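J.: Here's a structure for you.
Every read-out reported here was derived from the displayed coordinates using simple, explicitly stated rules and does not represent laboratory data. All values reported here derive from a predicted model rather than from experimental measurement. With ideal geometry, Cβ positions are generated from the backbone for all residues, glycine too; neighbour counts draw on all protein chains shown.
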Amino acid sequence: MNKELLRIEGLKTYFDTWAGIVKAVDGVDIEVIEGETLGLVGESGSGKSVTALSIMRIVPSPGKIIEGKIIYKEENLLEKSEKALREIRGKEIAYIFQDPSTSLNPVLTIADQLLEVILAHQEISKKEALEKAIELLKLVEIPDPDVKIWNYPHQLSGGMKQRIAIARAIASQPNLLLADEPTTNLDVTIQAQILELMQNLRKRLGMAMILITHDMGVVADIADRITVLYAGRVCESADTKTIFYKAKHPYTQALLTAVPSLALRTDKLKVIPGNIPNLIEPPSGCRFHPRCEYAIEKCTEKIPELIEIEPGHKVACFRALEINLESPLGGAKNN
Amino acid sequence: MEVQKIINKEILEVQNLVKHFPIYTRGIFLKKQVGLIHAVDDISFSIKRGETFGLVGESGCGKTTTARSILYLDQPTSGKINFEGKEIITIFSSKNKEEKQKLRRKIQYVFQNPYASLDPRMTVADIITEPLTIHTSLPKKELYQKLYELLELVGLEPYHAERYPHEFSGGQRQRICIARALAVEPKLLIADEPVASLDVSVRAQILNLLKDLQQKFNTTYLYISHDLSTVRHLCNRVAVMYMGRIVELAETQELFDSPLHPYTKALLSSIPIPDPLAKKSRIILPGEVPSPINPPIGCRFETRCIYKKDQNCIKYPPKLVHIGKGHFVACEKTKKP
Amino acid sequence: MQKILRELIQEKNKTKGASQWNIAWRRFKKNKTALAGFFIIGIIIFMAAFDSLIAPYGPNTIPGFYSGETRAPPSSKYLFGTDYVGHDVFSQVVYGASSALFVGFAAALIVMLLATVVGVVAGFYGGIVDNILMRITEIFLVIPFLLILLVFLKVITALAPSGGGGLFMVTLMIGIFSWAANARIIRGEVLRVKEQEYIEAATALGATKTRIMIRHILPNVLHVIIVLTTLMIATAILVEAGISFLGFGDPNAITWGQQLQKASEAVKEAWWEGVFPGLFITLLVLGFTLLGNGLRDSLDPRLRE
């Protein structure tokens, strides 16, 4: 049976700023099964990055985890001591940041950065660690690893830097990899390389991955399951095929139709009216209701719960079963 | 007669445009040039009146430099740019203030980053009316009338006029930028990745707005983007750039249906398609873009090309050749079918 | 539906936008140390404005001299005691406030005028103009400023038999010799702003150089100029006190620095003679420094939200 690796329940992470309390993550439920890729999709301000940072408990100040549970291998990470958590960070759960040029230390060589991680979690000699580091560079397909390892980050291109960041993340064979928009700053041809690499590594090392992105194209490609976030809450969660062909939440639907795609050429794009809500005073009831064409009175008053409407398919919408959303991809390929 | 017609059809004509950025090391007194960045290398294209022309390519391919050269924000190294039949590099480099101002009015620019391209200390009213105060001497009343017209045009509310840029979201800011650019009714609007920094749900709004406005004012667009899907949505014709050169140029439909250059093919196949069941025939290019300081001598794409290359590819830069139906390709291999 | 209407009305009511200055003021109000600085400065300005009402004795009277109460300790008659000739120290401190403030504000005005012109012009035009202006600035930076200042003051006093230009001359000299560092900071800020995309956007719109400088660059470096001015006031007050203490000040003016100098002869016997003027120098400088730091925090656009 599929074993659950991580489960987040009712996570709330707030930022206390001078303008007011920003409810960046406001009751998020997520689960990750061992060895799978979960796509965490959302726009800016949806809380996808903050959720990932909360898992590692590295939410930057003034952010604070207010409540919820983060259960990793049957233990609640939020109840662990800082010391116990350090054992988990980097070793059990690793993080890849969006921008490799800022997440790598510019004054250290690649060797230094990799050895730092390897030696922190494994008791081996420096020489062995160096061999291991070169091995890692080979794994992420860096040409001339024994030369490149002595380079500084600025001597490498963006794609190469992201490869180094990946190498650093997988150095101690984590069980869970959190990748926060790992290809957003890269060109499409390089993005294709990196995505393929990540996919291969995940299969080879048998780790689970949470891939955070705003690009539905990226998740369509490599995610097994998808969770869609909007304004700090989960809208819908299902396997990839269901999300693309049988989405039940109007926002998921909108994400699919509002994006110009190579597959379908329309004269005019379908538009989601309005803007992303302010998270200090989020809309009452369902957060999406001001922009939703299906909203009814009830949506403005009550917050919809995330309900399982069929095995493995959860939706947070009062009207999920009444309204009939048609996938822009059509139903043809559905059987 | 015939010639006259052609000139009128083409609003902008770029001929053999070259832009090299010198790299200096700083001495005590004098700067010493140590190299050249070949940002744009001998490109030619023309834009027809009323169409949307797309310039696509990955970062560093020279698409933005091309746009900046047209506006003379960067001084071109060599080449010619004709706008409405006049050579504009000479005008911009001359001391003829009046002519320069006329050009600045006719060609407007929408920047990629709506967060950085609005002065944080000015109100929206001041920002949108700035081009009008520069180029016209409208009395205050008419200026405000025009302002409210523009706000409505781009889908903003009248009360937004008194606010400051930081109070707006990315999409709204881009609307402000578009209103500012349209204030003086330009003939050519250069939009440099206008939706790249916006959220997906807001992107569609701006793309539709651009499309509507074009229909309304018959403005010619030069649309610059790395995102082929938005290019496909908006453009009539597209030029694909790689390392400072145009590798392929064709009508949008033609380019997307039958790309010929290996780079275009790879680029198209690299775009993740939001459909889990779509057939994946992805061409993954080996390696990375070479340094623009020492670009390959022959075909710039030769180092990553998936075709079998020969001496011609390595030694001589391929010419952009017309192969019919307005489709141009710069590749040795595709010339002979 | 009603809900939506209500939101719409709320939205309409918020018509007036909050400029960055409004935001800065909001943040400033929350900054306690800055408010403390503001308060201290306010008290001293009040003291200077109504000095003849506050001071129990006139500026040039020596009440203690006739009654033999020279260097008398603080008492109900002489709040801060008396000095070596019998001046009431409290009155002298009160009268000194206006000189300190005059030197502070006037010197800062001269400094900031010079620094802003040099900084903005050098930063904006760049190239050869920048090179020339910055080399001049560097000359002013490397000369031992206090030493040269003292020499100048000495020469001027020697040339003008009536005792030089007085406090005004001291102020002018401070102004002329301390603009360089500020000019460099302002130039750096101009260079930063000049690279911003909205400046380029203005160029593309056809804005002239003068328009860009006045409408776009200056408003965006203004916050730096304001902060530097506040800190410069503090520096000028301190420098003037130092000059007076060394005996190069205006002998006809009542300044805290001179009171300190006189007091230094008898620190052990009459501590009150020096402690009170010293305390007020410290307070005023502290006030401006706190204000300056508070302004820096609340005006910095990068610290938004």
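J.: Of the beta bridges DSSP finds with both residues in chain A, what % are antiparallel, to the nearest 5?
T.: Working: 31 of 50 bridges.
If we restrict to bridges inside chain A, about 60 percent are antiparallel.
J.: Here's a follow-up. I need A:Met198, C:Met112 ordered by Cβ neighbour count within 10 Å, fewest first. All intermediate terms of the calculation are to be shown ahead of the outcome.
T.: Numbers: A:Met198 25, C:Met112 22.
Neighbour counts put them in this order, fewest first: C:Met112, A:Met198.
J.: For B:Gln75 and A:Ser101, FRET efficiency with R0 = 25 Å and r from the beta-carbon atoms, rounded to 0.05?
T.: Details: r = 29 Å, r/R0 = 1.17.
After rounding to 0.05, the efficiency reads 0.30.
J.: Still on this structure: What does the average come to when, for each residue of peptide A:273-280, you count the partner chain Cβ atoms lying within 10 Å of its Cβ?
T.: Numbers: counts 3, 5, 9, 6, 1, 1, 0, 0.
If you average over the peptide's residues, the count of other-chain Cβ atoms is 3.
J.: Please work out whether the range C:2-299 counts as rounded, prolate or oblate from its C-alpha gyration tensor, where a ≥ b ≥ c are the square roots of the eigenvalues and a/c under 1.5 means rounded, while otherwise a/b larger than b/c means prolate and anything else oblate? Can you show the working numbers first?
T.: Details: a/c = 3.44, a/b = 1.56, b/c = 2.21.
The shape class here is oblate.
J.: Give me A:Glu326, C:Glu273 sorted ascending by neighbouring Cβ count inside 10 Å, so fewest comes first.
T.: Numbers: A:Glu326 12, C:Glu273 27.
Ranked by crowding around the Cβ, least crowded first: A:Glu326, C:Glu273.
J.: State which entries of A:Lys3/A:Lys314; A:Lys246/A:Lys314; A:Lys270/B:Lys211; A:Lys3/A:Lys203; B:Lys48/B:Lys146; B:Lys106/B:Lys211 exceed 21 angstrom in Cα-Cα distance in the structure shown. Don't jump to the answer; show the numbers that get you there.
T.: Details: A:Lys3/A:Lys314 19 Å; A:Lys246/A:Lys314 12 Å; A:Lys270/B:Lys211 13 Å; A:Lys3/A:Lys203 16 Å; B:Lys48/B:Lys146 29 Å; B:Lys106/B:Lys211 19 Å.
As for pairs spanning more than 21 Å Cα to Cα, those are B:Lys48/B:Lys146.
J.: Could you compute the net charge surrounding B:Pro22? Neighbours are other residues with a C-beta less than 14 Å from the C-beta of B:Pro22; K and R count +1, D and E count -1. If you can, show how the numbers build up before the last one.
T.: Details: positive: B:Lys19, B:Arg26, B:Lys31, B:Lys32; negative: B:Asp74.
Neighbour charge sum, excluding B:Pro22 itself: +3.
J.: Going toward the positive end of the dipole of chain A, with +1 on Lys and Arg Cβ and -1 on Asp and Glu Cβ, which of A:Asn105, A:Val234, A:Thr189 do you reach last?
T.: A:Thr189
J.: Please compute the average number of Cβ atoms from other chains found within 10 Å of each residue's Cβ in peptide C:205-212. Intermediate results must be reported in sequence, preceding the final value.
T.: Working: counts 15, 15, 6, 3, 0, 0, 3, 0.
Neighbouring Cβ atoms belonging to other protein chains average 5 per residue here.
J.: Rounded to the nearest 500, what is the 222 nm mean residue ellipticity of chain B from helices alone, with -39500 (n - 2.57) per DSSP H run of 4+ residues and division by all residues? If you can, show how the numbers build up before the last one.
T.: Details: 13 runs with 120 residues, N = 337.
When only DSSP H runs of four or more count, the value is -10000 deg cm²/dmol.
J.: Let me ask something else. Please go through the range C:98-206 and write out the GluC sites (Glu not before Pro) that DSSP classes as loop and that have at most 13 other C-beta atoms within 10 Å. If you can, show how the numbers build up before the last one.
T.: Details: sites: C:Glu138, C:Glu189, C:Glu195, C:Glu197, C:Glu200; in loops: C:Glu195.
Answer by residue number: C:Glu195.
J.: A further question on this structure: Which percent, to the nearest 5, of DSSP beta bridges fully inside the protein assembly as shown are antiparallel?
T.: Values: 62 of 99 bridges.
So the antiparallel bridges in the protein assembly as shown amount to around 65 percent.
J.: I want the local charge near B:Asp41. Using Cβ-Cβ distances under 12 Å, sum +1 for each Lys or Arg and -1 for each Asp or Glu among the other residues. Intermediate values should be presented prior to the final figure.
T.: Details: positive: B:Lys19, B:Arg245, B:Arg300; negative: B:Asp42.
Result for the neighbourhood of B:Asp41: +2.
J.: I've got another one for you. I'd like the distance separating the alpha-carbon centroids of the range A:175-197 and the range C:159-232, in whole Å.
T.: Measuring centre to centre over Cα atoms gives 46 Å.
J.: Another question about this same structure. Just how large is the dipole of chain C about the Cα centre, in debye to the nearest 20, putting +1 at every Lys and Arg Cβ and -1 at every Asp and Glu Cβ? List each step's numbers first, then the result.
T.: Values: 26 positive and 20 negative charges, 287 e Å.
Magnitude of the dipole: close to 1380 debye.
J.: Counting other C-beta atoms within 10 Å, and keeping those with at most 11, which DSSP coil trypsin sites (Lys or Arg not before Pro) do you find in the range B:92-201?
T.: Sites meeting the loop and neighbour criteria: B:Lys95.
J.: Are any of the pairs A:Lys23/A:Lys302; B:Lys97/C:Lys194; C:Lys77/C:Lys262 more than 19 Å apart by Cα-Cα distance, and if so, which? Mind showing how you got there, number by number?
T.: Details: A:Lys23/A:Lys302 17 Å; B:Lys97/C:Lys194 22 Å; C:Lys77/C:Lys262 21 Å.
Beyond 19 Å between Cα atoms: B:Lys97/C:Lys194; C:Lys77/C:Lys262.
J.: What relative contact order, as a whole-number percentage, does chain C give when Cα pairs under 8 Å and 6 or more residues apart are counted? Write down the numbers at each step before the final one.
T.: Working: 414 pairs, mean separation 80.1, N = 305.
Rounded, it is 26 percent for chain C.
J.: Given H placed on each backbone N at 1.01 Å, which residues far from A:Gly35 in sequence or on other chains put an amide H within less than 5 Å of it?
T.: A:Ala208
J.: Report the per residue volume, in Å³, of the convex hull enclosing the C-alpha atoms of the protein assembly as shown. Don't jump to the answer; show the numbers that get you there.
T.: Values: hull volume 238.8 nm³, N = 977.
Taking only Cα atoms, the protein assembly as shown has a hull volume of 244 Å³ per residue.
J.: Here's another thing I want to ask about it. Can you list the residues, at least 5 places off or on another chain, whose amide H is less than 5 Å from the amide H of B:Ile37, using H built in the peptide plane?
T.: The list, which skips near neighbours in sequence, is B:Phe21, B:Ile23.
J.: On a 0 to 90° scale, report how tilted helix B:170-182 is relative to the longest principal axis of chain B, with both axes built from alpha carbons and the result rounded to the nearest 10.
T.: The two axes meet at around 80 degrees.
J.: Charges only on Cβ, +1 for Lys and Arg, -1 for Asp and Glu: so what's the dipole of the range A:104-171 about the Cα centre, in debye to the nearest 20? Walk me through the numbers before you get to the answer.
T.: Details: 8 positive and 9 negative charges, 35 e Å.
It works out to roughly 160 debye.
J.: Of B:Lys63/B:Lys315; A:Lys12/A:Lys69; A:Lys91/A:Lys126, which pairs sit farther than 21 Å apart, going by alpha carbon to alpha carbon? Provide the component values of the computation, followed by the final result.
T.: Numbers: B:Lys63/B:Lys315 25 Å; A:Lys12/A:Lys69 9 Å; A:Lys91/A:Lys126 18 Å.
Cα-Cα > 21 Å for B:Lys63/B:Lys315; rest within.
J.: Arranged by the count of other C-beta atoms within 10 angstrom, fewest first, what order do B:Glu162, A:Glu310 take? Kindly include the intermediate steps, with their values, before the conclusion.
T.: Working: B:Glu162 14, A:Glu310 11.
Ordered from fewest to most neighbouring Cβ atoms within 10 Å, B:Glu162, A:Glu310 come out as A:Glu310, B:Glu162.
J.: Let me ask another. Is the range B:236-334 rounded, prolate or oblate when judged by the Cα gyration tensor, a ≥ b ≥ c being the square roots of its eigenvalues, rounded requiring a/c under 1.5 and prolate requiring a/b larger than b/c?
T.: Details: a/c = 1.95, a/b = 1.27, b/c = 1.53.
Oblate, because a/c is 1.5 or more while a/b does not exceed b/c.
J.: Just the ratio, please: alpha-carbon radius of gyration of chain B over 2.2 N^0.38 Å, N its number of residues.
T.: Values: Rg = 21.3 Å, N = 337, 2.2 N^0.38 = 20.1 Å.
Normalised Cα radius of gyration, chain B: 1.06.
J.: Ordered by residue, what ³J(HN,Hα) values in Hz, to whole numbers, does the range C:278-289 give under the Karplus form 6.51 cos²θ - 1.76 cosθ + 1.60, where θ = phi - 60° and Gly and Pro are x?
T.: So the Karplus estimates, Gly and Pro as x, are x, 4, 6, 4, 4, 4, 5, 5, 4, x, 5, 5 Hz.
J.: Got a sec to turn the phi values of the range C:27-34 into Karplus ³J(HN,Hα) couplings, 6.51 cos²θ - 1.76 cosθ + 1.60 with θ = phi - 60°, whole Hz, x for Gly and Pro?
T.: 5, 4, 4, 7, 8, 5, 5, 5
J.: Karplus couplings for the range A:51-67 from phi (6.51 cos²θ - 1.76 cosθ + 1.60, θ = phi - 60°), rounded to Hz, Gly and Pro as x?
T.: Result, rounded to whole Hz: 4, 5, 5, 5, 4, 7, 6, 10, 5, x, 4, x, x, 9, 7, 8, 7.
J.: Enter the mean number of other protein chain beta carbons within 10 Å of the beta carbon of each residue in A:188-197, as an integer.
T.: Numbers: counts 12, 15, 8, 4, 10, 6, 0, 4, 2, 1.
Per residue, the average neighbour count from other chains is 6.
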